[in-house]
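The structure appears right after this line, and notes come after that.
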Amino acid sequence: MRQLLSIDDLSSDEINDILDNATRYKSDPRGRDELKDYTMTNIFMEPSTRTTLSFQKAMTVMGGRVLQLDMNFSSAKKGESLADTLRTAAVLSDIIVLRQPDVMSQLPAGVGVPVINAGDGSGEHPTQALLDLYTIREAVGRTSSLYVLFVGDNKYSRTVRSLVKLLDRFEDNRSVFIETREQLEHEIHLADVIYMTRRQKERHVDDGVYRLIMMDEGLMRKARTDAILMHPLPRNEELPESLDWDERAVYFEQVRNGVFVRMAVLAHLLGRRQT
Ligand code: NCD
């Protein structure tokens, strides 16, 4: 039985297969029935817009069913353990998508179905990294020899942690962690990818650690015309909406690609071949 708690859970062949299958789904986005009779349970113990919606969409497009646990009414409020919530979802469904606030390196015993980590505190977010790399592959044209600037909360962002791991699986990629605006001004012309993140305010115990760097038109003028500007969203003040019209901004394309990549991940973990 397969888990996807971390990028480490995937072999390089599996990563390439998922990206290739996502391309097939994207080029032929008709409804399918390969996950007919399968049920996915979404358990989100932290807020989510894109991840929860795109997993729901991925599962339903493939003919499957979705159970969504409403955390306002979950028995977690009555003291139920995460292990028991997962064991219950495992009885009622074939796969679980889980977001919760603590780093999780292994699953509790007795959860007999695949679990996809949709964010574990400041740990990992492997399907976000896959959709990020997919978007890079599509927009830049390759997954290797990339110069990637990480601008934002590099210490606490799980999307950054998973994407750095994923980039390390391919040859000659360079991840550069930007700490000051001066450093960004100096490096931006080298970038194939500028990957921004918001301050993870819910995870900061010490507010002094983080220094806000805001992107703006002036900085983007220094970036290459073939660079891309990414953000997993949600954004705060670091990424002004005025940049949405810059052709290099791909963050809503990341959202779109998330559905196809998650379709490929669900099919992979449930052992279904692409039809
Ligand atoms: C991210 C997350 O939850 O880690 N959002 C997402 O899934 N697209 C980014 C964030 O919360 O900052």
*Tell me, what is a quarter of the convex hull surface for the C-alpha atoms of the stretch 1-160, in nm² with one decimal?*
10.4 nm²
_Full-stretch length increase - ARG272, ASP84 - with 0.36 nm per residue and alpha-carbon distance subtracted_ = 64.9 nm
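For the stretch 73-133, compute Rg over Rh where Rg is the Cα radius of gyration and Rh is the Kirkwood radius from the inverse mean 1/r over Cα pairs.
Details: Rg = 12.3 Å, Rh = 12.4 Å.
With Rg and the Kirkwood Rh in hand, the quotient comes to 0.99.
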*What ranking do HIS231, HIS186, HIS268 get, fewest neighbouring Cβ atoms within 10 angstrom at the top?*
HIS186, HIS268, HIS231
*Can you give the direction-averaged projected area of the convex hull of the alpha-carbon atoms in the chain, in nm²?*
14.5 nm²
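Quick check on the stretch 113-229: take the gyration tensor over C-alpha atoms, sort the square-rooted eigenvalues as a ≥ b ≥ c, and tell me if it's rounded (a/c under 1.5), prolate or oblate.
Details: a/c = 2.15, a/b = 1.11, b/c = 1.95.
Judged from the Cα gyration tensor, the stretch 113-229 comes out oblate (a/c at least 1.5, b/c at or above a/b).
Where does each of SER242, SER27 land when they are ranked from fewest to most other beta-carbon atoms within 10 angstrom?
Details: SER242 11, SER27 8.
Ascending Cβ contact count within 10 Å gives the list SER27, SER242.
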*Starting with the fewest neighbours, write out THR159, THR143, THR225 ranked by other beta-carbon atoms found within 10 Å of each beta-carbon.*
THR225, THR143, THR159
*For LYS36, list the aspartates and glutamates whose Cα falls under 16 Å from its own Cα; do not include residues on the same chain fewer than 8 positions away.*
ASP94
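Counting other Cβ atoms within 10 Å, keep those with at most 12, restrict to DSSP loop, and tell me which GluC sites (Glu not before Pro) in the stretch 225-267 are left.
Details: sites: GLU237, GLU238, GLU241, GLU247, GLU253; in loops: GLU237, GLU238, GLU247.
Answer by residue number: GLU237, GLU247.
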*Looking only at the stretch 91-132, which residues have a backbone nitrogen under 15 Å from a spot 7 Å from the Cα of GLU34 in the C-beta direction?*
none
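Which of the trypsin sites (Lys or Arg not before Pro) found in the stretch 1-97 are loop residues per DSSP with 10 or fewer other Cβ atoms within 10 Å of their Cβ?
On the way: sites: ARG2, ARG24, LYS26, ARG30, ARG32, LYS36, ARG50, LYS57, ARG65, LYS77, LYS78, ARG87; in loops: ARG2, ARG30, ARG32, LYS36.
Answer in residue order: ARG30.
No value in this document is a laboratory result; all are computed from the given coordinates. What you are looking at is a predicted structure, and each value in this text was computed from that prediction instead of being measured. As a convention, Cβ positions derive from the backbone with ideal geometry for all residues, glycine included, and neighbour counts pool all protein chains shown.
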